[in-house]
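Peer 1: Before I ask anything, let me first share the structure, which is written out below as structure tokens.
Derivation of every value follows stated rules applied to the coordinates shown; laboratory data play no part. No experiment lies behind these values; they were computed from the predicted model shown. Every residue, glycine among them, receives a Cβ derived from its backbone with ideal geometry; neighbour counts consider all protein chains shown.
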Amino acid sequence: MGAALDKYSWHYKKTGSRKRFNKALSSYESLKKYRGSSLYENLRCGMAHVYIPQAALGINMRSEGGIHNSIKNKKLLLHIEDFFEDFINACHELIDNIDGKKNTLSLSKKVKNSRFLGIPSIK
């Protein structure tokens, strides 16, 4: 989602995934609360490379209690339902910006001109 915000090609490696990831956290309204939370290291890298979050991240369900997006015992704790809801909201924000319903993101031209990114109609 961060790649939609820069001028480089979708697979341009020199921008770095960290920069794109953090750009998404600072740009999408529902993700701003995660800025500075080391999600890149503890969630993105683990999930992208071995499909397991790092040890400094605890993921649980609301029913298990605790506070979402807080640090306890040196672990960032996330309720999976809240995080997933925030991610879905960011996806809708991106789609609404592509469709012209919103103007909250500074999208790259490649988003509207790309055959790589196909968004089906939602009915």
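Peer 1: Could you tell me which of the pairs K14/K72; K14/K102; K74/K102; K32/K109 are separated by over 26 angstrom between their Cα atoms in the structure shown? The partial results should precede the final answer.
Peer 2: Working: K14/K72 35 Å; K14/K102 30 Å; K74/K102 38 Å; K32/K109 23 Å.
In this structure, K14/K72; K14/K102; K74/K102 lie more than 26 Å apart at Cα.
Peer 1: Then there is this: Kindly state, as a whole number, the per residue volume in cubic angstrom of the convex hull around the alpha carbon atoms of the stretch 35-99.
Peer 2: On the way: hull volume 6.4 nm³, N = 65.
Residue-normalised Cα hull volume stands at 98 Å³.
Peer 1: How large is ³J(HN,Hα) for each residue in the stretch 44-53, as worked out from phi by the Karplus curve 6.51 cos²θ - 1.76 cosθ + 1.60 (θ = phi - 60°), to whole Hz, x for Gly and Pro?
Peer 2: Each residue of the stretch 44-53 in turn: 4, 5, x, 5, 6, 9, 9, 6, 9, x Hz.
Peer 1: Further, regarding this structure: With a cut-off of 8 Å between alpha carbons and a minimum separation of six or more residues, what is the relative contact order of the chain in percent? Don't jump to the answer; show the numbers that get you there.
Peer 2: Values: 129 pairs, mean separation 29.3, N = 123.
Computed over the chain, the figure is 24 percent.
Peer 1: If R₀ is 22 angstrom, what is the calculated FRET efficiency for the pair T15 and D96, using the beta carbon separation as r and rounding to 0.05?
Peer 2: Values: r = 24 Å, r/R0 = 1.10.
E between T15 and D96, to the nearest 0.05, is 0.35.
Peer 1: Over 10 Å, how big is the tail of the calculated P(r) for the stretch 1-40, in percent of all Cα pairs?
Peer 2: Numbers: 520 of 780 pairs.
Looking at the stretch 1-40, the distances longer than 10 Å represent 67 percent of pairs.
Peer 1: If you don't mind, another one. Mind listing the long-range amide H neighbours of L77? Cut-off is under 5 Å, sequence gap 5 or more, other chains count too, H placed in the peptide plane at 1.01 Å from N.
Peer 2: Under 5 Å from the amide H of L77: G58, N69, S70, I71, K72.
Peer 1: Please state, to two decimals, what the Cα-based radius of gyration of the chain comes to when divided by 2.2 N^0.38 Å (N = residues).
Peer 2: On the way: Rg = 15.6 Å, N = 123, 2.2 N^0.38 = 13.7 Å.
Dividing the Cα radius of gyration by 2.2 N^0.38 Å gives 1.14.
Peer 1: Starting from the Cα of H49, step 7 Å along the direction of its Cβ; do the same at K72; then give the gap between the two resulting points in nm.
Peer 2: Spacing of the two 7 Å Cα→Cβ label points: 2.8 nm.
Peer 1: Pick out, in residue order, every one of the trypsin sites (Lys or Arg not before Pro) in the stretch 17-102 that is DSSP loop and has at most 16 other C-beta atoms within 10 Å; say none if there are none.
Peer 2: R35, K74, K101, K102
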